[in-house]
Amino acid sequence: MKPVLLKEGIYWVGAVDWDLRYFHGPIYTTHRGTTYNSYLIADDHLTLVDAVYAPFAGELIGRIKAVADPSRIENVIVNHIETDHAGALPEIMKLAPGAKIYCSARARDGLQKHFPGAGWDYRVVKTGMELSTGRRTLTFVEAPMLHWPDSMFTYIPQEALLLPNDAFGQHLASSSRFDDEVDGHVLMEEAAKYYANILYPVSRLVLKKLAELEGMNIPVEMIAPSHGIIWRSRSSRIVEAYRRWAAGEWERKSLVVYETMWGSTMLMARAIAEGLSDQGVATKLYRISAGDYSDIIKELLEARLLVVGSSTIHRHFIASLAPFLDSLACLQPVNRIGAVFGSYGWSKGAAQAVTERLKQAGIETVPESLEVLWIPDQDDRQRCYQWGGSLAGLL
Ligand SMILES: Cc1cc2nc3c(=O)[nH]c(=O)nc-3n(C[C@H](O)[C@H](O)[C@H](O)COP(=O)(O)O)c2cc1C
Ligand SMILES: [Fe+2]
Ligand SMILES: [Fe+2]
């Protein structure tokens with residue numbers, strides 16, 4: 001793929017990773033791969049904004065060479081030090097050893113630990129500071145914890161172009177680079193999965209940053225994140241989605257997520273889901289071992305109600321639910337409510353343990369969980385159906 005022109009003299013020079021299926025270790029499945037986006041500003045002073053994951057350094061350098069001699073790079077902007085972006089930095093700095101690295105103070109500290117002894121020429125920047133590349137001025141906006149302490153955004157007022165690194169990204173490999181060239185549904189689905197699995201816990205900061213950007217009165221026409229597709233025609237769509245997700249807005253939707261050993265809790269789950277959907281609540285049913293919890297967490301961006309079921313095993317819930325429940329505790333979904341159910345044989349224990357985990361995730365549960373002894377009979381299933389229907393009243 002050739003470098004792709006965003007604006008006159010500004011090129012995408014990143015890399016497409018078609019093969020990636022897991023991100024951040026095993027916790028985030030990337031069914032559609034990803035991209036590492038890097039941008040070259042071919043102005044009087046050649047400037048690179050962010051690099052790529054180290055295995056893709058060769059691709060990055062090849063694309064830079066198609067525009068300009070990399071040894072001419074004078075400035076490297078590091079908006080974020082995470083390995084998927086700064087990994088290829090040493091290769092760039094070998095080619096352009098005199099380049100100055102512009103980054104936040106936390107980024108400089110982090111880079112010194114990631115690349116000890118590199119001896120690079122760091123220029124620490126703060127919100128509002130500017131760097132002229134000739135015809136353009138780069139303006140820096142610190143964005144601590146969006147999503148690391150070092151994170152910052154770079155803004156180019158002459159082009160109304162925002163380069164926010166990981167914010168507004170999606171793990172989506174494509175031969176297209178722009179939002180108007182890809183399926184909008186797929187794009188928003190991947191953007192939502194990205195928000196839910198990466199930015200959910202910092203939703204309050206997202207709202208503050210959106211307000212701050214609005215207050216700065218800077219027109220933003222194009223948003224070029226560090227992963228996936230560039231928002232060229234519909235940048236307001238992703239900004240509005242971030243506002244909705246961060247505010248914890250919801251639709252009349254619910255998720256029923258469960259695990260079972262011999263099928264009793266599954267019979268309960270199906271009856272509960274039917275009770276909910278017969279009351280007009282759009283409901284999705286997931287057996288946790290049948291799929292992927294990072295996809296389920298994405299669904300929680302729209303669903304208000306999370307109903308979790310497990311039978312009791314050794315006074316506890318079935319362990320395959322643990323990664324999902326632990327992830328919820330990490331991600332702290334905004335403004336969600338829960339309900340808990342399951343089958344048991346003698347002592348019980350699963351429902352209480354699940355309730356505690358949901359509480360750790362900031363999800364308040366309805367006081368009455370629903371537990372059924374052994375295999376649910378016709379009456380039990382009717383009870384499940386009605387319990388599901390009564391939960392609909394919460395929405
Ligand atoms: C290995 C094992 C351990 C169990 N431990 C408990 C327990 O500690 N307390 C309890 O009430 N039931 C316990 N049970 C009983 C199950 O909760 C009961 O069989 C339930 O109906 C299974 O529902 P399921 O088919 O949805 O898995 C245990 C069952 C198994 C197979
Ligand atoms: Fe990151
Ligand atoms: Fe990233």
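The values are calculated or read from the model by the stated rules, or taken from the named source; none is laboratory data. Predicted, not measured: the structure shown is a model, and the values here were computed from it. As a convention, Cβ positions derive from the backbone with ideal geometry for all residues, glycine included, and neighbour counts pool all protein chains shown. Side chains included, ligands, DNA and RNA excluded: accessible areas come from the protein's heavy atoms. Shrake-Rupley method; radii C 1.70, N 1.55, O 1.52, S 1.80 Å.
Candidate cross-link partners of Lys253 among the lysines, defined by an alpha-carbon separation under 23 Å and a same-chain spacing of 8 or more, comprise Lys193, Lys284, Lys298, Lys359. Mean-square fluctuations from a GNM of the chain, with a 10 angstrom spring cutoff on Cα atoms, peak among Ala361, Ala322, Ala224 at Ala322. Note on the chain: GNM, Cα springs under 10 Å; of Ile375, Ile223, Ile64, the largest mean-square fluctuation is that of Ile375. Counting charges near Glu190 (Lys, Arg +1; Asp, Glu -1) among other residues having Cβ under 13 Å from its Cβ returns a value of -1.
Heavy-atom accessible area, probed at 1.4 angstrom with all protein chains present, ranks Arg237, Arg136 as Arg237, Arg136, highest first.
Positive end of the dipole of the stretch 4-247 (Cβ unit charges, origin at the Cα centre): among Leu46, Gln170, Gly215, the Cα lying farthest that way belongs to Gly215. When a/c is below 1.5 the answer is rounded, else prolate if a/b is larger than b/c, else oblate, so apply that to the stretch 252-392 with a ≥ b ≥ c taken from the square roots of the Cα gyration tensor eigenvalues. Taking the square roots of the gyration eigenvalues as a ≥ b ≥ c, the stretch 252-392 is oblate. Using a 1.4 angstrom probe, figure out how much accessible area the chain has per residue, in square angstrom, rounded to the nearest whole. Per residue, the chain has an accessible area of 41 Å². Projecting the Cα atoms of Gly309, Leu146, Cys103 onto the dipole axis of the chain, where Lys and Arg carry +1 and Asp and Glu carry -1 at the beta carbon, places Cys103 farthest toward the positive end. The alpha-carbon of Lys65 sits under 20 angstrom from the alpha-carbons of these lysines, leaving out residues fewer than 8 places away in its chain: Lys2, Lys7, Lys94, Lys100. Taking amide H as placed 1.01 Å from N in the peptide plane, Val257 has its amide H under 5 Å from the amide H of Tyr286, Val307, Val308, Gly309, each at least 5 places away in sequence or on another chain. Can you bin the stretch 171-231 into rounded, prolate or oblate? Criterion: square roots of the alpha carbon gyration tensor eigenvalues sorted a ≥ b ≥ c, rounded for a/c under 1.5, prolate for a/b above b/c, oblate for the rest. Verdict is oblate for the stretch 171-231. Within the listed set Trp120, Trp262, Trp245, the Gaussian network model of the chain (springs between alpha-carbon atoms below 10 Å) gives the highest mean-square fluctuation for Trp262.
Restriction of the chymotrypsin sites (Phe, Trp or Tyr not before Pro) in the stretch 264-370 to DSSP coil positions whose beta-carbon has at most 12 other beta-carbons within 10 angstrom yields Trp346. Counting only DSSP beta bridges whose two residues both lie in the chain, roughly 40 percent are antiparallel.
Within the accessible area of the stretch 4-247, the carbon and sulfur atoms contribute 52%, probe 1.4 Å, all protein chains present.
Computed across the chain, the Kirkwood hydrodynamic radius from all distinct Cα-Cα pairs reaches 22.6 Å.
Each residue of the stretch 315-332 was assigned a 3J(HN,Hα) from its phi angle through the Karplus expression (A = 6.51, B = -1.76, C = 1.60, θ = phi - 60°), giving 6, 9, 7, 5, 4, 5, 7, 4, x, 5, 5, 5, 4, 4, 5, 5, 8, 6 Hz with x at Gly and Pro. Helix 235-247 and the longest principal axis of the Cα set of the chain meet at an angle near 40°. Classify the stretch 133-196: rounded, prolate or oblate, from the alpha-carbon gyration tensor (a ≥ b ≥ c, eigenvalue square roots; a/c under 1.5 rounded; otherwise prolate if a/b is larger than b/c)? Note, shape of the stretch 133-196 comes out oblate.
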